[in-house]
Amino acid sequence: MAQLVALLLWLGLVVCPAIGFLLSAPGATHDVALHETSSLVGPTLLWIGLVSLGAVGVGRCVAPALQGRGRLLVALCLASALLPTAAVFWTWYALLDAQSVIGAAAIEGGWTWLLRRAVLAAALISTTWPLAALLLAGMPLRGPDSLRSLQRLDGVSIIGRVKAATVREWPGLLAATGLCAAAVSMATTAFDLAAEATASTELRARLALGGGLSQVAGVWALSMAPALFGAIGAWWAMSRRRYQGQRTLVPQGKRSRIWPAIVALALTLALPLATLLWLGVAPDMGIVRATIEAVIRAVGVGLLAAATVFVFVPLLRQGRYQRLVSVGALIWLTAALLPRAWVAAGWGRLQQWLPVEFADLGLGRAAALLLPAGAIALLVSAMIVRTQPRAQRDLRALDAPPWWHLDPTMIKGLISVIALGATWSLFAPAVEARLAPPGQGPPLVSRLVDAMHYQRPESVVTVLWAVALLAIAGGLIAAWRPMRSAMYQVGPLSLLICMGVWGGGCAIEPESEGTPPLQVRHLVGGPGTDPGRFVTPRAADATGHAVVVVDRSGRLQRFEWSSGEAKVVQHVDLPLKGNGFPTGVHLGDDGHALIADTHGGRVLQVTPTGEITTVVEAEATGLVSPTDVAPGPEGLIYVSEYGSVDRILVCSPDGALVRVLGQSGGAPGEFRRPQALAFDASGGLWVADACNHRLQRLDPKTGEALQIIEAGVRYPYGLDVLPSGDLLVSEYGGNVVRRIDPETGRSRVWGGWGDGVGQLRTPWSVAIDHDAQVAWVVDTGHDQVVAVDLEALAW
Amino acid sequence: MSLVRLAGGGVLALVLFACDAGDGPDSPSLVVYSSVDESLAQQMLGAFKADTGISVNMIGDTEAFKSTGLAARIRAEAARPLADVFWSSEVAQVAMLAREGLLQPVRTASTRNWPEMWRDQDHYWHGFSPRPRVIVWDPARLADDEVPDTWSEVLSDQFRGQVAIADPRFGTTGGHLASMRQWWLDQGRAQAWQSFLDALSRSQVQVRSGGNAATVDAVVRGEALLGMTDMDDVLAARRAGHELHMRLLHHEQGPGAGAMLTPNAVALVRGSHNKAEAEQFIDWLLSPRAARLLAASPSANMPLPESVRGEFPQLMVHDWLDVDHTAAAANWQVAMDEVLAALRGAS
């Protein structure tokens, strides 16, 4: 009786949003359709059909491994399922861009549209096959084991054997197909990102525009029909058939093949995670905390959904209210397949009549997410009951243990529900956008979708990594102890995660949040090739109220700085060789600019009138890749270079080589990528030894290292000397400008990674104009150069 | 025993779910619905909090539906509004809410003197820090001199099937088309708008769900030669390393027919519980300080206050489309009906 009441309460969850939506359904008089429903039938069915078949195929190949060996593989499978499809698609598609071989070939050959669709299909399959695999691993089969061995002995072809296996296993395959179809039809964000118009994207658009029932019904029916069909078929299959024994996918006495699982996991789990390295971005630590909180919340939903199992399993076992339970289950399954935007709108409307606390605690969101999670619980309950061996069933009827009694099958089912329920509630953009309480900050999924649209790969890959690692850790802990005590593990695990979040919360605050931004006096640039704009500026130098900047488009621009403004006075295209990436420039008091033409193996000079001459050449000096140039005592020109050899060449004004300082290495006087040079007032030569993460002061005559400073610099690319003798360093790796006192070693930083004013992205260079009392910082990642008053850089 | 465990599990579940219920309301706070990029909005809100001590809880929406989704939410919550301020990245949705009576007028020191072109007549909404609509192309596939000068020429036969636009039902694309229509109608040239619609129908434009970013992606990937998008989306793509050119297209030759500028819009929601703080926030958004922050940000919005314009000469657009934003927003739905009919007719 108690279960019946509980069932009715749960059904209330299903009915509420429908009521809410019907109450709120506006009567839009305008037609909000961009695509005719009929034109969407083909693409939608094709996508759902092909992806489901692919996912079930892969899942069927992997399922035996899950049955045979289990735990670690289950954990990895769940991690694959947990990754948000849209993010997986986005990272793979970002890898295959114009710079990649495949991407370039696609653009050249005009088949980018095919590449896009192939990557989308792969992403959809990669996140749905685990669902199929887990379901199939749990479903026993009909028919004797010996049949398969007989077929092999008889020499039946592979196709024949597959056909026979399909006939035997059709309930499980049908259920798996239904589940995958539902998952695909819910992957609206992935279709959006891939610019594929399907019924679900058009449905969400029409709902967002307040489309009336008549305009929404068509696309709703189309997007839900395949999934509904599969789900109903699955329920029917599980409720009509009674299974004899616990026959498994792997015949007795045989070890299942593991390589399908390994290959599938490598492609679907390792590949998205490896993109962090391939895309070459630093992680966005600020989003890690939001990810952990979202995962915890999702596990909470999974636990609530697991409670549903205790409602349905006894009901199904009793057999007294079969019809009622079946009807209830069908209603629930249907509601679970409703577009979440609809459910979210319904609960949003309902919240108007409920106390404010309901919304503030996020209970509306919990209820909206419980719909699909509870449906999984329903299917799993049916599986638990129907797959119990007859003998055990009879024993239970005799013993009549209490309804909360946990046997191994029940425990397995609960863990599946928690895991799959968490999976389906982790990334639900429509629900989060509509029902997340304002006090909790922007939901993770909104930040993730924004990051994908605004090209912030660091956030996307960080979330993928964090989610996968959490899932794997959770799965490992759950699998570590014997399954019997599984319930013990979930509790401590959840508590541990909670404690970790709150206790370690400070530890994962990104360090640049504490770095004060630069006080920007003036900003020059912005991306572009017009005068006054830059394309990846890398070097600057300033003196006498003038500053010169060189950038990756091979231009030198000269600005005059007066009364707080910089005006372009010269804009020269340099005759650069190779890729044209000069990374060093020096501006003399006479207005002549010396440029280290990094890929041309030479040093150029540009006069204020625009004449360009070559000052130092490769043939005469053996120069390969100069990084910076600085005139020194006795009129000699000092040129640092890196690449094949790390050293400093000292040349006479007419380009002849006088001597060489240093070599590649980590010892004093040796360098790894000497990126910048600067002379101090006493004639010492400071070198930014970038890949050794240090600064060296050398004797310019002998090359002996007089002083070495580390001060925590990370890839110091730019260097200049302040009037007081302190150093100002721009760190490409640290994303800061650092002031260092060479005598005491103390340092202070400004900037920090970010897009706000005064924050930096990979600053390559810094230059001090002593006359104007201004420091120019080349903020390369933002394509701009900023001026900061020297007094703003005081201790 | 098991029952106790079970009950414990249930309580744990609820605790986990609600575990980050947020800070208590001890400091003054606001709820802002914003369709601006979340990362930019967080910086702005952080700066506002640093200046005033008022903390702001922001609610956004997914990129594809941004302002439209938030406007729908404001409508749904009309009886008991959650939001205090609506900060939208375009005008049309805000203006529609004003006509439906869901906003309150804001008459403060900053808003009283706000230029008429950039605000509602009765101060229901105020536009600021606009960004231009641009045409984007890949210089490796299209030479600069082959790119048309006006928006009508983009739909010519030469570029049939090669132009990508975002879904016009959402965001700045819809606002742009509605403004175009309004501008032509205001000049008594309905035929010009009809010709544009006919060209739209013939030109087989690729309509991309996924917003302006998807449009730029289509150009980057070679699926389209030209893209109609916002400048900040092109800048984002350039930061990602793509070589792209863009131009602020005119609507016709001659003054007053220049680039389309889409302003941000901010409004006070009717029924807001924190009116004083909300007005303070609106004033701050309209101030030179906010204009400077937005101009220096990655989205490179053009500053409107005179005092700030001189600091960002590279962002100034001197000849823009002189359109009545209020009227354009008022007729947005009609414009959309016509555009959708043209696009559907093409497919």
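Computed from the coordinates by the stated procedures, all read-outs in this text should not be read as laboratory data. Given the structure is predicted, the values throughout are model-derived calculations rather than measurements. For neighbour counting, all protein chains shown are included, and Cβ atoms are generated from backbone atoms with ideal geometry for every residue, glycine included.
Per residue of A:35-45, how many C-beta atoms from partner chains lie within 10 Å of its own C-beta, taken as a mean?
So the per-residue partner count for this stretch is 1.
Under 14 Å Cα-Cα from A:K701, which aspartates and glutamates qualify once same-chain neighbours fewer than 8 residues away are excluded?
A:E634
Pick out, in residue order, every one of the trypsin sites (Lys or Arg not before Pro) in the range A:695-795 that is DSSP loop and has at most 12 other C-beta atoms within 10 Å; say none if there are none.
A:R746
Per residue of B:39-49, how many C-beta atoms from partner chains lie within 10 Å of its own C-beta, taken as a mean?
Across B:39-49, the average partner-chain Cβ count within 10 Å equals 3.
For B:R309 and B:R112, calculate 0.36 nm times their separation in residues minus their Cα-Cα distance, and state this gained length in nm to one decimal.
Working: separation 197, 0.36 × 197 = 70.92 nm, distance 2.04 nm.
Separation in residues times 0.36 nm, less the Cα-Cα distance, equals 68.9 nm.
Across the range A:778-795, in residue order, what do the Karplus-derived ³J(HN,Hα) couplings come to in whole Hz, using 6.51 cos²θ - 1.76 cosθ + 1.60 with θ = phi - 60° and x for Gly and Pro?
Along the range A:778-795, the couplings run 8, 8, 4, x, 9, 6, 8, 10, 10, 9, 10, 5, 4, 5, 6, 10, 7, 5 Hz.
Label-point separation (nm) for A:W259 and A:D530, each offset 7 Å from Cα along Cα-to-Cβ?
Each label point is offset 7 Å from its Cα along the Cβ direction, giving 6.0 nm.
In sequence order, what are the phi-derived ³J(HN,Hα) couplings for the range B:110-122 according to the Karplus relation 6.51 cos²θ - 1.76 cosθ + 1.60 with θ = phi - 60°, rounded to whole Hz, with x for glycine and proline?
Those phi angles translate into 6, 6, 4, 9, 5, x, 4, 4, 9, 8, 6, 4, 9 Hz.
Please give the length that would be gained between A:L114 and A:L11 if that part of the chain were fully extended, namely 0.36 nm times their separation in residues minus their C-alpha to C-alpha distance (nm, one decimal).
Answer, rounded to one decimal: 32.7 nm.
Between A:A217 and A:H545, with labels modelled 7 Å along Cα→Cβ, what's the label distance in nm to one decimal, could you check?
Distance between label points: 7.7 nm.
Given R₀ = 60 Å, what would the calculated FRET efficiency be for A:A274 paired with A:E634, taking r from the Cβ atoms and rounding to 0.05?
With R0 = 60 Å, the Cβ-Cβ based efficiency is 0.70.
Under 15 Å Cα to Cα from A:K567, which aspartates and glutamates show up? Leave out anything in the same chain fewer than 8 places away.
Partners within reach: A:D530, B:E311.
Place +1 on the Cβ of every Lys and Arg and -1 on the Cβ of every Asp and Glu in the range B:253-332, take the dipole about the Cα centre, and give the residue among B:N301, B:V323, B:H273 whose Cα lies farthest towards its positive end.
Highest projection toward the positive end goes to B:H273.
I'd like the per residue volume of the convex hull spanned by the Cα atoms of the range B:31-120, given in cubic angstrom.
Expressed per residue, the convex hull around the Cα atoms of the range B:31-120 is 113 Å³.
Using R₀ = 51 Å, calculate the FRET efficiency as 1/(1 + (r/R₀)^6) where r is the Cβ-Cβ separation of A:L657 and A:K567; round to 0.05.
That gives a FRET efficiency of 0.85.
Skipping prolines and chain starts, which residues have an amide H placed within reach, meaning under 5 Å, of the one on B:N57, given they are 5 or more residues away or on another chain?
Amide H neighbours of B:N57, under 5 Å, 5+ apart: B:L30, B:V31, B:V32.
For the range A:522-793, what ratio Rg/Rh do Cα atoms give with a Kirkwood hydrodynamic radius?
Reported Rg/Rh, Kirkwood definition of Rh: 0.93.
Taking amide H atoms as placed 1.01 Å from N in the peptide plane, list the residues 5 or more away in sequence, or in a different chain, whose amide H sits under 5 Å from that of A:Q759.
A:L518
So between B:H273 and B:S195, what do we pick up on full extension, going 0.36 nm a residue minus the alpha carbon distance? Present the calculation step by step, with values, prior to reporting the outcome.
Numbers: separation 78, 0.36 × 78 = 28.08 nm, distance 4.82 nm.
Extending this stretch completely gives an extra 23.3 nm.
Quote the FRET efficiency, to the nearest 0.05, computed for A:V101 versus A:E791 with a Förster distance R0 of 51 Å and r equal to the Cβ-Cβ distance. Numbers along the way, then the final one.
On the way: r = 52 Å, r/R0 = 1.01.
E(calc), rounded to 0.05, equals 0.50.
If the reach is capped at under 17 angstrom between alpha carbons, list the aspartates and glutamates near B:K49, excluding any in the same chain fewer than eight residues apart.
List returned: A:E513, B:D23, B:D26, B:E38, B:D84, B:E277, B:E279, B:D283.
According to the square roots a ≥ b ≥ c of the eigenvalues of the Cα gyration tensor, what is the shape class of the range B:190-273, taking rounded for a/c under 1.5, prolate for a/b larger than b/c otherwise, and oblate for the remainder?
It is oblate, given that a/c is not under 1.5 and a/b is not larger than b/c.
List the residues whose amide H sits under 5 Å from the amide H of A:R602, counting only those 5 or more places along or on another chain, with H placed 1.01 Å from N in the peptide plane.
A:D597
B:T52 versus B:A327, label points 7 Å from Cα toward the beta carbon: distance in nm?
Each label point lies 7 Å from its Cα, and together they span 3.4 nm.
Please quote Rg/Rh for chain B to two decimal places, taking the Kirkwood radius as Rh and restricting both calculations to Cα atoms. Provide the component values of the computation, followed by the final result.
Numbers: Rg = 21.8 Å, Rh = 21.4 Å.
Rg divided by Rh gives 1.02.
Which whole-Hz ³J(HN,Hα) couplings does the range A:294-300 yield from phi under the Karplus relation 6.51 cos²θ - 1.76 cosθ + 1.60, θ = phi - 60°, glycine and proline marked x?
Couplings: 5, 5, 4, 4, 5, 4, x Hz.
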